[in-house]
């Protein structure tokens, strides 16, 4: 397959490019600057511009665009940046995919679509939750509508926090835990869906290669854990104690709304679509995933 990827420079994007090329696929990367390599294609989402010929022979488009959510307090301006960085590129690509007749669009979304579910298990058949992140995911996914209406197979990747020693969540937490400053957040009972980087890229490839996969797909381990369980497992992986506790009120003072939506609550989400389609996870156990990814 010839696959065009937006967001190829990110943590997941770089790993996905390697995975797809190793599997024999041809990958072209969309970049927001002048091209400097033969596999690059220039585009400007705010201007709605994509280099002529970008979709020639393309069998699938993968869109992973979106600035990081974890960036301190969410002002109204910051919320707009988070929204625009996801919805705008998706709108541009979905319209182009529809016009060019590209058969597959695999588009990023987030596991926060479900909001806070407490201890209730949710899968792709469940409705959206409430809160800024859930509303953002609804807008993000809705932006793919032109492609779906044109007959494109659209896959919506509701991605969990991705575990990898190369950065992301573990990169943020590892220095603190190595110093023995790790600990549970709030009461520690909130659920934390997770997925290893290995399974993240394998699942995206699986979605590209399997025609029966479409619509929302939870990229999450079959075994979500609570924050308390995650804290203990990460401390074990680093051979460090994690005796501390950060009160929820302190997190709310520091991060405001972001604390409630990203840290102190979460969905107990499971990957029903992937399991039904026959995807084999490499990592279903958190301890094994941390050992391998670190």
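The values are calculated or read from the model by the stated rules, or taken from the named source; none is laboratory data. All values reported here derive from a predicted model rather than from experimental measurement. Methodologically, a virtual Cβ is constructed for each residue, glycine included, from the backbone with ideal geometry; neighbour enumeration extends over all protein chains shown.
Checking 200, 229, 261 one by one, the residue that is touching a strand residue (DSSP E or B) at 6+ places or on another chain (Cβ under 7 Å), in a helix (DSSP H, G or I) and in contact (Cβ under 8 Å) with a residue 12 or more places away in the chain is 200 and no other. The residues listed here are 20, 16, 30; of these, the one that is surrounded by 16 or more Cβ atoms within 10 Å (Cβ to Cβ) and farther than 16 Å from residue 207 by Cα is 30.
Put simply, of 4, 30 the only residue that is out of contact with any helix residue (DSSP H, G or I) (no Cβ under 8 Å at 6 or more places or on another chain), assigned to a strand (DSSP E or B), within 22 Å of residue 211 (Cβ to Cβ) and in contact (Cβ under 8 Å) with a residue 12 or more places away in the chain is 4.
Residue 24 meets each of the listed conditions (1) in a loop (DSSP other than H, G, I, E, B); (2) closer than 26 Å to residue 172 by Cα apart from (2). Scanning the range 274-294 for residues that are at negative phi and either buried (at least 23 other Cβ atoms within 10 Å of the Cβ) or assigned to a loop (DSSP other than H, G, I, E, B) (or both) yields a total of 11. Only one of the listed residues (170, 105) is in contact (Cβ under 8 Å) with a residue 12 or more places away in the chain, touching a strand residue (DSSP E or B) at 6+ places or on another chain (Cβ under 9 Å) and either within 20 Å of residue 208 (Cα to Cα) or surrounded by fewer than 19 Cβ atoms within 10 Å (Cβ to Cβ) (or both). That residue is 105. Scanning the range 209-246 for residues that are touching a helix residue (DSSP H, G or I) at 6+ places or on another chain (Cβ under 8 Å) and under 22 Å from residue 141 (Cβ atoms) gives 210, 212, 213, 215, 216, 217, 218, 219, 220, 221.
The single residue among 151, 180, 171, 131 that is at positive phi, at pLDDT below 95 and more than 14 Å from the chain's Cα centre (by Cα) turns out to be 180.
Among the criteria (1) out of contact with any strand residue (DSSP E or B) (no Cβ under 8 Å at 6 or more places or on another chain); (2) buried (at least 17 other Cβ atoms within 10 Å of the Cβ); (3) part of a loop (DSSP other than H, G, I, E, B); (4) touching a residue at least 60 places away in the same chain (Cβ under 8 Å), the one residue 125 does not fulfil is (2).
Touching a residue at least 24 places away in the same chain (Cβ under 8 Å), under 17 Å from residue 104 (Cβ atoms) and part of a loop (DSSP other than H, G, I, E, B): which single residue out of 70, 54 fits that description? When all the criteria are applied, what remains is 54.
When 70, 54 are checked against the criterion of being farther than 20 Å from residue 156 by Cβ and out of contact with any strand residue (DSSP E or B) (no Cβ under 9 Å at 6 or more places or on another chain), 70 stands alone in meeting it.
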